[in-house]
Structure formats: structure tokens, C-alpha cells
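The block underneath contains the structure these notes are about, expressed in C-alpha cells.
None of the figures in this text is laboratory data; all of them are computed from the coordinates on show. Because the structure is a prediction, the values reported are computed rather than measured. In this analysis, Cβ positions are derived from the backbone assuming ideal geometry, glycine residues included, and neighbour counts consider all displayed protein chains.
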Amino acid sequence: MIRFIAKRLLLLIPMLFAVSFLTFVLVNLGGSDPAEVALRVNEITPTEEAVASMREQLGLDQPFLRQYGDWMLGCLHGDFGNSYVDNEPVAAAVARTLPNTLRLAGVSLAVILVFSVTAGVLCAKYEDSVGDRLVRAFIFLGTAMPAFWAGLLLMWLFAVKLALFPTSGMEGASSVVLPAVTLSLGYLSTYTRLIRGNMCRNSRESYVVYLRARGMRERTVMRHIFKNSIQTSLTALGMSIPKLIAGTVVVENIFAWPGIGRLCVTAIFNRDYPVIQAYVLLMAVLFVVCNTLVDAVCMVLDPRIRREQEAQG
Amino acid sequence: MYQIKIKKAAAGILAAALLLAAAGCGNDGASENTQPAEFQSSTQGNTAEVEKKEDTDEIVFASTKDIRDINPHLYSGEMAAQNMVFESLVVTDTDGEIQPCLAESWEISDDQLTYTFHLRQGVTFHDGEPFNAEAVKMNFDAIISNRERHAWMDMVNEIDETLVQDEYTFVLKMKHPYYPTLTELSVTRPFRMISPKCFIDGETKNGVSGYAGTGPWILSEHEKDQYALFARNEAYWGEAAKVSAVRWKVMPDTQTMLLALEKGEIDLIFGADGDQIDLNSFQKLQEEGKYATELSDPVASRAILLNCHQEITGDLKVREALQYAVDKESIVEGILNGSESAADTLMPENAPYCDVELEARTYDPEKAGELLEEAGWELSEKDGIRYKDGDPCEMTIYLNSDNAQEQAISEYLQADFQNVGVKLNIVGEEKQSYLDRQKSGDFDLMYSLSWGTPYDPQSYVSSWRIPAHGDYQAQVGLEKKEWLDETITALMIEGDEEKRAQSYAQILTYIHEQCVYIPLSYSRTKAVHVPSLKGVTFNASQYEIPFEKMYFEE
């Protein structure tokens, strides 16, 4: 078990190197000359001399591999370079915005958990009832709506008409509700259906019949069904966490949430390469780490996977 | 039994989720405390509007952008915010006249090389530092030492010497009789005064240690990408601002802005050219009548640039034909909702030196057809497009895809061009690619927006000589481009008013005759605000917002 996890962690290192290299290459393939852009975003006329001196200042006159090496070395020391636009250290910009995004994604995750588990279990219990269908239809609609539209509708109803929340911004605890709900809409239907489907399938398994035949109480039966149903959802949820964090861009824009998604989009528009590179690298790390964590959790939960791994190891 | 269990489980999950949410929100406890109490109450509950108006007289202004670094000698901050905090020696009023500001009066020597400014006495910077000739000199020297950043402004290169004559007399010596000196001293940046204490190693080009100016507003709080708070400068030398504070809220989405206005969370939206509010929404708000809306006088020129360096548009006949092909009135009525007036010439007649007699070219598709015919473009019956030597008359307009208005105008143009047998392709690009294209000159048509008063015409015309601008690239194909650039350079330092006017007339006539621009309209600055906010007016520059004149009245 521990050996397996250690092995996975070791594998992360080459993977992250590959990701960082790819990021660096892709970003540098972009059409605009970063030195020129760095001048332009500060409203400096890009004359030839100005571009040349900026190129030197940013280290862009170095050979490509050297640039990558310098950048990578900096990253290992926690130095992701400075933004081309305002010269703010990228690490500081990330430290300023990431907690806000984590908070938004965290609350969103909570909303997803509460609603999809409740709705999933209830729908499974009353399978094919009117309520089941209604809930599913409603959630389906919510998922099908693009976030910017759903967000504005929610804002109009709950902030403007009912005046329950502020329209936007990050002021006070209540301001997180609307963006978090908007963000969770896209995931609700997936998990509700996953849990519902698994529970329905499991409840027809023979072990349920045995449990009932042994005269187990209904709550014990349900507990077994739920535990067996939750596993696939857990894997999917694990992979959703980085997706939630990376997918906040639209919601952050609409609700004026000062998170990392907005930081990244602004950086893309300004061709602020150090910020883009740091963002992509960060997201890659998040995905890879979450993936590893989910695998580990699955092993803990499911003895079969554990045995398989041990047999291989 | 089973049902109770489910309920219990659900309650447990709910409790856990709430805990999680609470934990997530825990870290903002500290930052909340730094906010004024009245603001917290204004964000909660439906009594928000009433409470806010009672508690304070704070103007909440929404902007799509953060104020960023408002160092007055650099260009990365929002101009409207820079203008609130920092002041210049002189200002340009809405009639285009130069008025005193930090300089009470001034004299210009007969050779127009020496400017002597008599400074206002008893003015202090927000940090208590005295404002005097020494401080002015420090500011000027810091700006000049960062010369290459100010390449758009000839002024910086024209300064010969800065002198402190006595405590309140500052002398500026120029190399040539550079005529827009006072105007360029008045614009929002870079010639604004910041406290000598904010300098880092005697410079401002690598950043400043604070934002102490002499203006009517003091930047008191700034949460990047969230809000900035400007408090009234109680010790202001002039008439103090009427409200106690301005809260600059960042709202990247304009729809959100409109909803926030409807809810009463914000008081004012203000902005130029679709930046803050598009014309459709503006008109809707105007019609609803729930809010007050204001339109400034025409400030800037909106035109289409025709690239003389491309094959088809390189032909003067074709460029002339396109002038007649565009139905400007329809564009003004249909897209700009009549809020702007159609333009016959690149520069409005009321701009300085622009009252030049030029022949207006009004919509005349027949004439356009004839001209194209003369240029050898024959209409094909098959597809309604003109051909010459088997090649179709096809061209492309490039635009910044963020700008919905330009997209709509392009579609109108497409239909107008189609009418005369010219196929127009529309390519929207994101901003940096669009700017790359300006520099490379790889376009047939492009948008050109002048900077508006008080920059027009001198700064706009001056920028024609810079290769990174689309204007330069489009003009490169002109026979007399060299003469054009030389004339512009010469007229900036022409001491004789009459000769200068002649030179302007020559270049504006040449550009007009060569049909480099299709003038569309003269744009206006727009403002939408709650009816209780009064005194919403405009400065000469579309980039400034006169918050200090605004006040609330029930």
C-alpha cells in the first residue's frame, strides 16, 4: 500500500517535468512577441530599441533551452518570475487569488455533495415516481444552461428581485452563495444520476436479497447499498475537484470574484506568459495530485484493487 | 424507521457542508473588519439602498477594470483614477481653453521657448509634503529620465531644461517653439505631480512608494481586482469634493453591472466607446426612464482605415468608391441609435485647426459603382461581385473581437460593400493579435479611433508617424507619405500660428483627398446613474471622470 503510493509519487516527478516543458513550449509558440506585448500593455510604443532592451530584460534573448532551464529552476525555488504587465511576482498574484478560488470551489463542492447525495438517494428510493422524474428533469435543465446565463438569472432573481444576496463581489459570507451555486449546477446532474443509478443497480444485487433474507433492518440494508454505490461517484468526484478549481473562470467574471480564473484569463489576453505558465503548471499539479489521491482512497475502500496492486508489486 | 435514518444522514451531510462552507469563509473575517461598517450593511438585506443613502454620501462607481498601479508618470493604471489623485500645472476645459490648476498663472517668452509658471502657494501633497517649484522640477526630471516610455508625446523630447527660479516659480525651457506644450502638460499623464516622498531613488520609472498627490481625492484603500476607496481630501486647495468618498468597484461583466445598478448597489456607470456600457443597453436604460443618462459632446472620431499598401485598396479610385458605398446615416441610426452624429471628415470642424474646407462624400452607391468601373472592376452577373483580370474584388476588415459595436458596424459595411459588388470579409481577433496586425500592416481595412479632446488633433496626427500604428501602415502606400510625416514633425514646432494652421490644412486635405479614412461618426462619452446623483458632467478628456462635482439629492 505505502509502496504503491510512494511509487505513484515518484512517477509524478517525470510527469510534471513533461507537463512543465509542454507548457513552456506551447506558450512560446504563441504568435505575439512577448517583449513587444510587455511594452504594449504598458502603453509604450514598441520601437526597435525598446523591444530589444525589453527582450534582454526578460531574458528572451537567451537560447530556448536556457530559458526553460532558468524558469524551471526558479519554479523549484517557488519563483515563477514576474508578470510582464505589472511586474508583480507571479507567486504573489497566485497567493492572492488562489485562496479565493479555493473558497469558491470548496463551497461549491459542499453544495454538490449535499444536493447530489440527497437527491440521488431520494430518487433511488422513490425510483420512477413523479418526484424522481421532476428532480431529474430540473437538474438536467440546470446542467444544460450555460453558466453565464444561469448565473445572471440567479443574480436577477435572488439578488435583484428578492434582495437576499449581493449581486457580485466578495464581501461578506453571503456573497459566495450565488457563484457557488452557479458553479455547482454543471456537476449536480452528473452526481445525482450517478448515485441514483448505482443505488438502483445495487439494490437489485443478490447481496441485498441475502441481507433482507437474514432479516436485517432496512437502515442496515440501505447503508450497505449506499456504501457500495458511492465508490464510482467518489472517483469521479475526486477528478471533479481540480476541474472545479480550473473551471471557475466564467463564474468569477460574472460575479466579480477575485480568483485565479480571472487572473489567468486576463493574463491570456495580455499574453502575460509567466502568469499563464504558472497557472497551467499549477493546474497540472492539481490534476495529477488529485488523481493520485483518488487512487489511494479507492484502494483503501476497495480490497479488490488493493490485492491486485499488491499482486503486481 | 428507514426514513428517519435518511433524514438523519441528510442532516449530517448538510451540517458537514455548512461547516465546510463556514471554514471556507473563515479567512475573510479579518478583511471584513477593515471595511467600513456601513458598507457591510449595504451588501445585505433589502433595506440596503435606503441604509446606504442615510449613512454616507459615498458614490459607488462600477468599472470593468481595476485601478491597478496609478503611478502618474506611467501608463499601467486607470486614467480616471490617476486623474482623481494627481494634478497638473494647467488643465484644458471643455471649450479647449487652458486654465490654471497648480500653476496660478504663467508667461510664455516671445520666442515661445521659455515658460514661466507661478505656482499656487500653500498647497500640500496628501502626505503633508509642501508643493513647490522644487517638487515640480523633481517630477519633470523623473518623467524626462524615462524618455523612451513617452515616445507618443513629442513634448518630452522637446524639453531642454527645467529650472527652479524661486520657491514658487518654475521655468520650463523648450528646444523649439513646440506649440502643444500647455495642452500636453494638461493631459492625464505623464505630467502630473506626485509627492517627492513617493520617489524611489529619485525616480518614478521603477515604481513609487505611495500615491500622494494634490488632487481632491486620496486613495485610502485598494483591494486588487475588488475595489478601491477614494476619500475626499479635506485639505484640498480648491473647492472640495461634494461627497465624502468614491468607491471604485470592479465588475468585469457589464451585465452584472446593469443588474447591480438595478439593485442599487452602484450609483454610476461612466465610460467611453463600449468600454463600460454598450449602446443598446444605454438606449434601453434611457427608455426605461428609471435612471438618469448623460451624453457628452462629440469627443473623438470613429473611422475606417483603408490600407494604401494593399493591392486592391492601394488604388485611389477604389478607396474613393468605398467612401460613397457606405451609408453612414444608417449606421448612425441603426447601430449607434442616433446617439452619435455622422462624420463627413476625419476630424470634426470644431477641433483646433480642423476647420478646413473639405468636400463631404455622401452615400451614393451609383457613383461608387462608376468609380469601380473606371478602376477596371467589372460586375459579374453570376455572383454580383466585381472582377478584374479574373480576380474578385474581395477585402478583409479586422477588428478587436471584444468590441461588439465594431462587429455590428462591420456587418453593415459588409452589406453596403456587397451592394456595389465588393466582397468584405470580417475577421474578429483578440486584442493582442489585432495590435500585432496594426504593426505588421497586414490588413485591408481596420478601425481607427482618435483619442479625442484634448489630444486631437496633435497627438493623433503625431502618432501617424509611428510604425507600430495602423495609421502609419495604411499610409505607407501613399505617394507623399514622407512629405506627410515631415510636415507633421515641422508643424509641431512651428511658432507661427498661421503657418501652423496652413500645415494642418495641407495634411488634412491630403489625407481626405487620398481617401485613407472613411469617416463614420464622432463618438460621445456616456454615463448612467441613479436619479439622486446630481452634477454628473464630463471633462474635456473622455478618460477622466469629474467625481468631485457630483453630489446626492433626494
Mean residue ellipticity at 222 nm from the helices of chain A, using -39,500 (n - 2.57) per DSSP H segment of n ≥ 4 over the full residue count, to the nearest 500 deg cm²/dmol?
-25500 deg cm²/dmol
Charge dipole (debye, nearest 20) of region B:351-434; +1 at Cβ of Lys and Arg, -1 at Cβ of Asp and Glu:
200 debye
Helix-derived [θ] at 222 nm for chain B: sum -39500 (n - 2.57) over DSSP H runs of at least 4, divide by residue count, nearest 500?
-10000 deg cm²/dmol
Starting from the coordinates of the alpha-carbon atoms of the protein assembly as shown, obtain the Kirkwood hydrodynamic radius over all distinct pairs and give the value in Å to one decimal.
30.8 Å
In region A:95-266, with Lys and Arg counted as +1 and Asp and Glu as -1 at Cβ, which of these residues, A:TYR187, A:TYR126, A:LEU263, has the Cα nearest the positive end of the dipole, that is, farthest along it?
A:TYR126
Calculated from backbone phi, Karplus (6.51, -1.76, 1.60) coupling profile of region A:163-176 in Hz, x at Gly/Pro:
6, 8, 9, x, 5, 7, x, 10, 10, x, 5, 6, 5, 7
Using a simple spin-label model with points 7 Å from Cα along the Cα→Cβ vector, what separation in nm is obtained for B:ASN337 and B:THR489?
4.6 nm
Of all DSSP beta bridges located in the protein assembly as shown, what percent are antiparallel, nearest 5?
80 percent
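Can you pull the percent of Cα pairs in region B:213-333 with separation above 22 Å?
In whole percent, the long-distance tail amounts to 60.
Would you please report the Å³ per residue occupied by the convex hull of the alpha carbon atoms in region B:89-143?
Hull volume normalised by residue count: 113 Å³.
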Chain A: DSSP helices with Cα axial extent of at least 30 Å and average Kyte-Doolittle hydropathy no lower than 0.5:
A:2-29, A:90-125, A:273-301
Sequence order, region B:132-141: Karplus ³J(HN,Hα) from phi using 6.51 cos²θ - 1.76 cosθ + 1.60, θ = phi - 60°, Hz rounded, Gly and Pro as x, gives 8, 4, 4, 5, 4, 4, 4, 4, 4, 5
Specify whether the C-alpha gyration tensor of region B:399-554 places it in the rounded, prolate or oblate class, a ≥ b ≥ c being the square roots of the eigenvalues: rounded for a/c under 1.5, otherwise prolate if a/b is larger than b/c and oblate if not.
oblate
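Using the structure shown, select from B:LYS242/B:LYS526; B:LYS175/B:LYS549; B:LYS65/B:LYS423; B:LYS382/B:LYS481; B:LYS197/B:LYS526 the pairs with a Cα to Cα distance greater than 28 angstrom.
Going by Cα-Cα distance, B:LYS175/B:LYS549; B:LYS65/B:LYS423; B:LYS382/B:LYS481; B:LYS197/B:LYS526 fall outside the 28 Å limit.
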So what's region B:286-439 giving for Rg/Rh, alpha carbon basis, Kirkwood Rh from the mean inverse pair distance?
1.00
Residue by residue through region B:356-372, what is 3J(HN,Hα) from phi via Karplus (6.51 cos²θ - 1.76 cosθ + 1.60, θ = phi - 60°)? Round to whole Hz and write x for glycine and proline.
10, 6, 10, 6, 6, 10, 8, 3, 7, x, 5, 4, 4, x, 4, 4, 5
Viscosity 1.306 mPa s, 10 °C: Kirkwood-radius Stokes-Einstein D of region B:262-338 over Cα pairs, µm²/s
101 µm²/s
Report the FRET efficiency, 1/(1 + (r/R0)^6), for B:SER440 and B:ILE200, where r is their Cβ-Cβ distance and R0 is 35 Å, rounded to 0.05.
0.40
Using only the alpha-carbon atoms of region A:63-173, report the extent along each of the three principal axes, biggest first, to the nearest angstrom.
66, 33, 23
If R₀ is 41 angstrom, what is the calculated FRET efficiency for the pair B:ALA235 and A:LEU153, using the beta carbon separation as r and rounding to 0.05?
0.30
Per residue, the convex hull volume that the Cα atoms of chain B enclose (Å³)
197 Å³
Residues B:ILE409, A:ILE230 in order from fewest to most other beta-carbon atoms within 10 Å are A:ILE230, B:ILE409
Translational D (Stokes-Einstein, µm²/s) of region A:157-241 at 4 °C and 1.567 mPa s when Rh comes from the Kirkwood sum over C-alpha pairs?
82 µm²/s
Over region B:152-234, consider all pairs of different Cα atoms and compute the Kirkwood hydrodynamic radius from their mean reciprocal separation; express it in Å, one decimal.
15.4 Å
Taking H as built 1.01 Å from N, whose amide H comes closer than 5 Å to the amide H of B:GLN514, not counting residues under 5 places away?
none
Can you find, among B:HIS469, B:ALA81, B:CYS308, the residue sitting farthest towards the positive end of the charge dipole of the protein assembly as shown, where Lys and Arg contribute +1 and Asp and Glu -1 at Cβ?
B:ALA81
Could you compute the FRET efficiency for B:ASP344 and B:SER76, with r as their C-beta to C-beta distance and R0 at 45 Å, rounded to 0.05?
0.75
How large is the translational diffusion coefficient of region A:95-266 in µm² per second when you combine the Kirkwood radius over alpha carbon pairs with Stokes-Einstein at 4 °C and 1.567 mPa s?
75 µm²/s
Taking a virtual spin label 7 Å from the Cα of A:LEU12 along the C-beta vector, which residues in region A:287-309 bring their backbone nitrogen under 12 Å of it?
A:287-296
Dividing the alpha-carbon radius of gyration of region A:216-313 by 2.2 N^0.38 Å (N being the number of residues), what value is obtained?
1.54
Relative to the compact-globule estimate 2.2 N^0.38 Å (N residues), the Cα gyration radius of chain A stands at a ratio of 1.24
